[in-house]
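To start, the structure under review is shown below, and the notes come after it.
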Amino acid sequence: MIDLTKAPYYLNEAQITYLEQTIASMTVSEKIGQLFFVIGQDEAMVDLPEFINKYKPGGMMYRPDKAEKIDRQVTTAQTASRVPLFISANLESGGNGIVAEGTWVGMPLQIAATNEPKNAYHLGQIAGTQANQVGVNMAFAPIIDIDTNFRNPITNTRTFGSDCGKIKTMASEQIKGFQEADILPVIKHFPGDGVDERDQHLLSSVNSLSADDWWNSYGKLYQEFIQEGIGCVMVGHIYQPALERIFAPEIKDQELLPASCSKILVTDLLRGEMGFNGLVITDATPMLGYTTLMPRAELLVATINAGVDMLLFNKNIDEDYAAIEAALANGQLSLARIEASVIRILATKLAQGVIDLARGQDVVESQAIEARAFQIEPAHQQIVEEIARQSVTLVKNREEHLPILPEKYPRIRLVILGDSDEGGFKEGGKVGGLFKDELTEAGFEVQLYDAHRLDFHEVFEEGVADLKKKFDLALYVANIETASNQTTTRLQWVQLMAANAPWFEKEIPTVFVSTANPYHLFDVPYISTFINAYTGNPATVKATVRKLMGQETFEGISPVDPFCGDMFARL
């Protein structure tokens with residue numbers, strides 16, 4: 001039995017009575033629908049009321065779009081739904097996680113680099129305030145993964161770093177910001193990403209820590225948040241073999257399962273030993289880390305039976321619903337098991353105010369849809385600029401090339417790596433133009449290196465003396481985002497003799513700036529001047545240029561080891 005009067009629900013008698021009456025009145029189809037957290041539907045592609053009436057989903061997660069459109073779609077969906085929906089977004093780095101016009105505050109690693117917990121609160125509060133304006137009530141954040149393996153292509157700047165204490169402090173503040181804006185936080189990705197060097201979007205990754213090491217790191221983080229009443233946990237397509245073997249000593253290797261479908265990790269560990277009584281949501285089920293485990297119909301049933309409450313996204317929505325209905329009909333899945341999840345889903349909605357009995361929103365009445373004007377508070381941009389000022393980190397300046405001034409280095413060759421047109425995945429956009437404009441305005445002559453139109457004479461014949469006639473300093477800017485569905489985020493050079501690489505570093509002053517990955521020094525350990533900026537938003541680019549020119553001091557403190565344990569990178 002679920003005690004709804006205790007954490008994380010704290011429901012009163014009226015709410016519990018409502019919940020019992022609502023579940024008793026729901027059809028089996030409605031109960032099944034609550035298990036599904038679907039991708040945000042586009043009004044241009046589907047009839048939203050028809051979609052809601054057909055599938056009756058429990059939640060919907062939107063990707064960024066124009067505020068007016070998101071607001072209208074969310075209102076349409078909520079109006080059509082008997083039970084109010086969770087409306088979620090990836091609010092990891094700001095309001096831009098849901099609204100195209102929203103504020104890109106900064107990646108979590110940038111926030112951690114300021115070493116100021118209040119900035120994590122600002123991150124949650126700004127993202128939450130802006131998301132709330134368009135009807136969002138849930139954030140798939142904060143990320144409490146530990147950036148243990150610098151080769152991991154997706155955790156990286158999305159985390160608060162590699163120190164558990166700092167992660168706990170920063171994530172707690174981000175949660176406070178969300179909650180102040182009436183946004184329900186979802187911590188992720190249990191049992192913990194960041195150990196493996198692979199991405200769970202592409203395969204089931206592995207948290208390979210020993211049981212003791214896990215309990216002293218990831219386990220400690222999750223346990224503390226559970227004790228403080230966190231309401232929702234997202235489970236990843238991530239194995240934790242050591243823990244499964246403790247609960248099932250005879251388990252065979254081929255029987256191990258990722259958390260998203262492991263009864264051992266969800267029911268025995270998370271719910272049982274760790275005492276989590278709240279809502280469990282999978283990470284996206286179209287990920288290869290999930291879909292490659294077993295036939296999908298079998299897998300969805302295994303996931304619900306494992307103790308998971310909600311399934312995020314679908315491959316084919318009709319097939320997925322049919323799989324649950326068939327499993328219920330043939331006894332592979334019990335109605336009692338489904339209802340246990342429905343209780344948690346509705347109880348969470350009541351506790352969060354998604355269902356507001358005081359306003360009579362147990363059933364959303366049809367109403368006129370009026371778009372609200374989306375607003376960004378002027379103070380938000382000021383906070384972003386202050387975060388940028390506090391975060392940019394000077395990793396090393398061995399040859400003391402800094403500060404760079406037009407009188408000393410009048411001609412700069414600017415080499416951009418990883419911008420959108422270089423094969424990057426930047427949601428925030430390019431930084432090349434921003435750096436060029438800032439440097440030009442400061443009085444430098446900026447030559448933007450064009451890797452698509454190589455000067456073959458320079459590549460094959462020119463030496464250092466020839467290059468010195470062209471530029472006085474080379475500024476490399478890597479804008480290589482740590483995004484999903486990548487196998488690596490390492491530096492890649494033009495294949496032809498690594499034509500754009502800084503082979504001349506020992507003879508021509510060379511400075512390297514990373515705006516999206518703190519670990520590039522591993523690939524260029526010979527670079528003498530290296531800076532981590534963590535986020536490629538305009539405020540951070542401007543702050544970086546000011547610091548390059550000596551107009552501001554570098555205040556950032558690296559939340560990870562930027563040398564990647566390489567002694568030569570430290571030299």
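The values are calculated or read from the model by the stated rules, or taken from the named source; none is laboratory data. Every value quoted in this text rests on a predicted model; they were computed, and no experiment measured them. Backbone-built Cβ (ideal geometry, glycine too); neighbour counts: all protein chains shown.
For segment 490-513, give me each residue that is among the polar types (S, T, N, Q) and in contact with a Phe, Trp or Tyr (Cβ under 8 Å, 6 or more places away or on another chain).
In the first step, residues of segment 490-513 are kept if they are among the polar types (S, T, N, Q); the result is 492, 495, 500, 510.
Result: ASN500, THR510.
Any residue in segment 16-41 that's in contact (Cβ under 8 Å) with a residue 12 or more places away in the chain: show its pairings with residues that are aromatic (Phe, Trp, Tyr) at Cβ separation under 6 Å, as long as the two are six or more apart or on different chains.
Final answer for the pair search is GLY33/TYR55; ILE39/PHE313; GLY40/TYR62; GLN41/PHE51.
Report, by residue number, each residue of segment 85-115 that is small (Gly, Ala, Ser) and either more than 17 Å from ALA181 (Cα to Cα) or outside any helix (DSSP H, G or I) (or both).
Correct list: SER88, ALA89, SER93, GLY94, ALA100, GLY102, GLY106, ALA112, ALA113.
Of the residues that sit in segment 309-363 and are of a type in the set (Gly, Ala, Ser) and surrounded by fewer than 15 Cβ atoms within 10 Å (Cβ to Cβ), which one is nearest to LYS54 (Cα to Cα)? It would help to see each step written out before you state the result.
From segment 309-363, those of a type in the set (Gly, Ala, Ser) are 322-323, 326-327, 329, 331, 334, 336, 340-341, 347, 351, 353, 358, 360; that's our starting set.
From the residues that got through so far, the ones that are surrounded by fewer than 15 Cβ atoms within 10 Å (Cβ to Cβ) too are 322, 326, 329, 331, 334, 336, 358, 360.
Details: ALA322: 13, ALA326: 17, ALA329: 20, GLY331: 24, SER334: 22, ALA336: 23, ALA358: 28, GLY360: 24 Å.
Going through the qualifying residues, I end up with ALA322.
Consider ILE508 carefully, then state whether it is in contact with a helix residue (DSSP H, G or I) (Cβ under 7 Å, 6 or more places away or on another chain), outside any strand (DSSP E or B) and of a type in the set (A, V, I, L, M, F, W, C).
yes
When you scan segment 11-42, how many residues do you find that are loosely packed, with under 14 Cβ neighbours inside 10 Å and either in contact with a His (Cβ under 9 Å, 6 or more places away or on another chain) or more than 19 Å from LEU328 (Cα to Cα) (or both)?
Result for segment 11-42: 7.
Can you find even one residue in segment 31-42 that is of a type in the set (Gly, Ala, Ser), assigned to a loop (DSSP other than H, G, I, E, B), out of contact with any Asp or Glu (no Cβ under 9 Å at 6 or more places or on another chain) and farther than 27 Å from ILE226 by Cα?
Among the residues of segment 31-42, not one is of a type in the set (Gly, Ala, Ser), assigned to a loop (DSSP other than H, G, I, E, B), out of contact with any Asp or Glu (no Cβ under 9 Å at 6 or more places or on another chain) and farther than 27 Å from ILE226 by Cα, which makes the answer no.
Which pairs have Cβ atoms under 9 Å, sit 6 or more apart or on different chains, and link a residue in segment 203-223 that is in contact (Cβ under 8 Å) with a residue 60 or more places away in the chain and outside any loop (DSSP other than H, G, I, E, B) to one that is surrounded by 20 or more Cβ atoms within 10 Å (Cβ to Cβ) and among the polar types (S, T, N, Q)?
If the second residue must be surrounded by 20 or more Cβ atoms within 10 Å (Cβ to Cβ) and among the polar types (S, T, N, Q), the pairs left are SER205/ASN152; TYR218/ASN207; TYR218/GLN240.
Evaluate the following for THR79: is it more than 18 Å from PHE178 (Cβ to Cβ), touching a residue at least 60 places away in the same chain (Cβ under 8 Å) and touching a Ser or Thr at 6+ places or on another chain (Cβ under 9 Å)? First the steps, then the outcome.
Values: more than 18 Å from PHE178 (Cβ to Cβ): yes; touching a residue at least 60 places away in the same chain (Cβ under 8 Å): yes; touching a Ser or Thr at 6+ places or on another chain (Cβ under 9 Å): yes.
Considered against the rule, which asks whether it is more than 18 Å from PHE178 (Cβ to Cβ), touching a residue at least 60 places away in the same chain (Cβ under 8 Å) and touching a Ser or Thr at 6+ places or on another chain (Cβ under 9 Å), THR79 comes out as yes.
Only residues that are of a type in the set (Asp, Glu), surrounded by 13 or more Cβ atoms within 10 Å (Cβ to Cβ) and not in a strand (DSSP E or B): list them for segment 443-457, please.
Correct list: ASP455 only.
So which residues in segment 236-255 are assigned to a helix (DSSP H, G or I) and either modelled with pLDDT under 95 or under 25 Å from the mean Cα position of the chain (by Cα) (or both), if there are any at all?
Of everything in segment 236-255, just one residue is assigned to a helix (DSSP H, G or I) and either modelled with pLDDT under 95 or under 25 Å from the mean Cα position of the chain (by Cα) (or both), namely PRO241.
Restricting to segment 116-136, name every residue that is closer than 17 Å to ASP65 by Cβ and either among the aliphatic types (A, V, I, L, M) or in a loop (DSSP other than H, G, I, E, B) (or both).
ALA127, ALA131, GLN133, VAL134, GLY135, VAL136
Given the condition over 30 Å from GLN381 (Cβ atoms) and either part of a loop (DSSP other than H, G, I, E, B) or in contact (Cβ under 8 Å) with a residue 24 or more places away in the chain (or both), answer yes or no: does some residue in segment 537-549 qualify?
Looking for residues that are over 30 Å from GLN381 (Cβ atoms) and either part of a loop (DSSP other than H, G, I, E, B) or in contact (Cβ under 8 Å) with a residue 24 or more places away in the chain (or both), one finds none in segment 537-549, hence no.
Have a look at PHE150, PHE178, PHE247 and point out the one that is aromatic (Phe, Trp, Tyr) and under 25 Å from GLY124 (Cα atoms). Steps first, please.
On the way: PHE150 fails: under 25 Å from GLY124 (Cα atoms); PHE247 fails: under 25 Å from GLY124 (Cα atoms).
It is PHE178.
Among the residues of segment 491-501, count how many are in contact with a helix residue (DSSP H, G or I) (Cβ under 8 Å, 6 or more places away or on another chain) and either without any contact (Cβ under 8 Å) to a residue 60 or more places away in the chain or surrounded by fewer than 13 Cβ atoms within 10 Å (Cβ to Cβ) (or both).
So the answer is 3.
Of everything in segment 520-559, what is closer than 22 Å to TRP104 by Cα, under 21 Å from the mean Cα position of the chain (by Cα) and either surrounded by fewer than 18 Cβ atoms within 10 Å (Cβ to Cβ) or not polar (S, T, N, Q) (or both)? Give them in sequence order.
ALA533, TYR534, GLY536, PRO538, ALA539, PRO559
For LYS188, only one of the following conditions fails: (1) assigned to a strand (DSSP E or B); (2) more than 27 Å from GLN486 (Cα to Cα). What is its number?
LYS188 satisfies every listed condition except (2).
I need the full set of residues from segment 176-199 which are over 29 Å from ILE355 (Cβ atoms) and either modelled with pLDDT under 95 or in contact with a Phe, Trp or Tyr (Cβ under 8 Å, 6 or more places away or on another chain) (or both), in order please. First the steps, then the outcome.
From segment 176-199, those over 29 Å from ILE355 (Cβ atoms) are 191-199; that's our starting set.
Across segment 176-199, the qualifying residues are PRO191, GLY192.
Quick grid of which residues meet (1) within 27 Å of the chain's Cα centre (by Cα); (2) in a strand (DSSP E or B); (3) modelled with pLDDT of 95 or more; (4) of a type in the set (S, T, N, Q):
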position: LEU4; (1), (2), (3), (4): no, no, yes, no
position: TYR9; (1), (2), (3), (4): yes, no, yes, no
position: SER29; (1), (2), (3), (4): no, no, yes, yes
position: PRO49; (1), (2), (3), (4): no, no, yes, no
position: LYS54; (1), (2), (3), (4): no, no, yes, no
position: MET60; (1), (2), (3), (4): yes, yes, yes, no
position: GLU68; (1), (2), (3), (4): yes, no, yes, no
position: THR79; (1), (2), (3), (4): no, no, yes, yes
position: VAL83; (1), (2), (3), (4): no, no, yes, no
